[in-house]
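A.B. asks: Below is one structure. I have some questions about it.
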Amino acid sequence: MDYYGSHINRLIEELQGLPGIGAKTAQRLAFHIINMPKEQVRSMADAMVDAREHANYCRECFTLTDEELCPICQSQRRDHRQIMVVENPRDLAAYERTGRYEGVYHVLHGAISPMLGIGPNDIKLKELMQRLQGPDGQPGCDEVIIATNASLEGETTAMYILKLIRTLGLDIKVTRIASGVPVGGDIENTDEVTLERALLGRTEM
Ligand code: ZN
């Protein structure tokens, strides 16, 4: 593809490195960017660098945020005694879109997968347990809603969390969202009505 010259090629290659972007889309985006006003391109590039530089994990729930505590953890209107455990920030966003969940979250950043070599120590499980144990020996919440995906990895992770909570002898209600989420389906791609139904129909584990 060196008929474009090295600067344009570099842009195409960088774009192609993004998830879901193939060679054709990368070219189309590159040409779109090249035709944009220079100021707009600069502003877009700045937004990327800024977001990357300021992004970190919330120290309470580990979702992505640019503050020490994310807006949900900061909010007094949320029920901090109810913690929903999700696999990633996109699942959190999906539940927020339903507008019906009033508790807080814990983001694991993955799920246990022996196949992919992802063990309990590779996700934010230790952090969840610390949170559940609370600083004064009292349970850190009243209910843990496990909203991992309905995949083998998600189910394995759910069972593992339940086992940990019971092993620690914590007096916490553990629920699992109902199977409104299709088996093998991703939460982030599930519509709001189904997610809301899955939340309301959760059962104790
Ligand atoms: Zn948070």
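Each value in this text was obtained by applying a stated rule to the coordinates, not by laboratory testing. Because the structure is a prediction, the values reported are computed rather than measured. Quick reminder, even Gly has a Cβ in these numbers, built from the backbone with ideal geometry, and neighbours come from all protein chains shown.
A.B. asks: Each label point is 7 Å from the Cα along the Cα-to-Cβ direction; what then is the distance between the points at residue 55 and residue 6, in nm?
C.D. replies: 2.9 nm
A.B. asks: Continuing with this model, one more query. Give me the net charge for the shell around residue 187: Cβ to Cβ below 9 angstrom, other residues only, Lys and Arg +1, Asp and Glu -1.
C.D. replies: -3
A.B. asks: Can you tell me the length gained on complete extension of the stretch residue 44 to residue 162, counting 0.36 nm per residue apart and subtracting the Cα distance? Display every interim value, and only then the final one.
C.D. replies: Details: separation 118, 0.36 × 118 = 42.48 nm, distance 4.37 nm.
This chain segment gains 38.1 nm when fully extended.
A.B. asks: Let me ask another. Roughly how tilted is helix 152-167, in degrees to the nearest 10 and between 0 and 90, from the longest Cα axis of the chain?
C.D. replies: Roughly 40 degrees between the two axes.
A.B. asks: Name the residue farthest towards the positive end of the dipole of the chain from the options 198, 57, 125, assuming +1 on Cβ of Lys and Arg, -1 on Cβ of Asp and Glu, about the Cα centre.
C.D. replies: 198
A.B. asks: Rounded to the nearest 500, what is the 222 nm mean residue ellipticity of the chain from helices alone, with -39500 (n - 2.57) per DSSP H run of 4+ residues and division by all residues?
C.D. replies: For the chain, the value works out to -13000 deg cm²/dmol.
A.B. asks: Which far-off residues, 5 or more places away or on another chain, put their amide H under 5 Å from the one on residue 105, with H placed in the peptide plane?
C.D. replies: Here 84 satisfy the definition.
A.B. asks: On a straight-distance basis, which aspartates and glutamates could pair with residue 163 in a cross-link, Cα separation under 17 angstrom, same-chain partners fewer than 8 positions away excluded?
C.D. replies: Correct list for residue 163: 127, 142, 143, 153, 155, 171, 204.
A.B. asks: Now for a separate question. How large is ³J(HN,Hα), in whole Hz, for each residue of segment 80-90 in order, when computed from phi with the Karplus curve 6.51 cos²θ - 1.76 cosθ + 1.60 and θ = phi - 60°, using x for Gly and Pro?
C.D. replies: Each residue's phi maps through the Karplus curve to give 7, 8, 10, 10, 9, 9, 10, 6, 8, x, 5 Hz.
A.B. asks: Taking 0.36 nm per residue of sequence separation and subtracting the Cα-Cα distance, how much length would be gained by fully extending the chain between residue 79 and residue 24, in nm to one decimal?
C.D. replies: Details: separation 55, 0.36 × 55 = 19.80 nm, distance 4.66 nm.
My answer for the length gained is 15.1 nm.
A.B. asks: Step through the residues of segment 106-116 one at a time and calculate ³J(HN,Hα) from phi using the Karplus curve (6.51 cos²θ - 1.76 cosθ + 1.60, θ = phi - 60°), rounding each to whole Hz and writing x for Gly and Pro.
C.D. replies: Residue by residue, segment 106-116 yields 9, 9, 7, 6, x, 9, 5, 9, x, 4, 8 Hz.
A.B. asks: Taking every Cα atom in the chain, find the radius of gyration and the maximum pairwise distance Dmax, and write them in Å.
C.D. replies: Taking only Cα atoms of the chain, I get Rg and Dmax of 20.5, 66 Å.
A.B. asks: By how many degrees, 0 to 90 and rounded to 10, does the Cα axis of helix 6-16 deviate from the longest principal axis of the chain?
C.D. replies: The answer is roughly 20 degrees.
A.B. asks: Angle, helix 38-54 long axis vs. longest principal axis of the chain, Cα atoms, 0 to 90°, nearest 10?
C.D. replies: Approximately 30 degrees, to the nearest ten.
A.B. asks: For residue 113, what charge total do you get from the other residues with a beta carbon under 12 Å from its beta carbon, if Lys and Arg give +1 and Asp and Glu give -1?
C.D. replies: Numbers: positive: none; negative: 87, 122, 153, 155.
Computed value for this residue: -4.
A.B. asks: Counting Lys and Arg as +1 and Asp and Glu as -1, each charge on the Cβ, what is the dipole of the chain about the Cα centre in debye, to the nearest 20? Write down the numbers at each step before the final one.
C.D. replies: Values: 22 positive and 30 negative charges, 46 e Å.
Roughly 220 debye for the chain.
A.B. asks: What distance in nm separates the two pseudo spin-label positions at residue 16 and residue 32, each 7 Å out from Cα along the beta-carbon direction?
C.D. replies: Computed distance between label sites residue 16 and residue 32 equals 1.8 nm.
A.B. asks: Please figure out what share of the DSSP beta bridges in the chain is antiparallel and state it in percent, rounded to the nearest 5.
C.D. replies: Roughly 30 percent of the DSSP beta bridges within the chain come out antiparallel.
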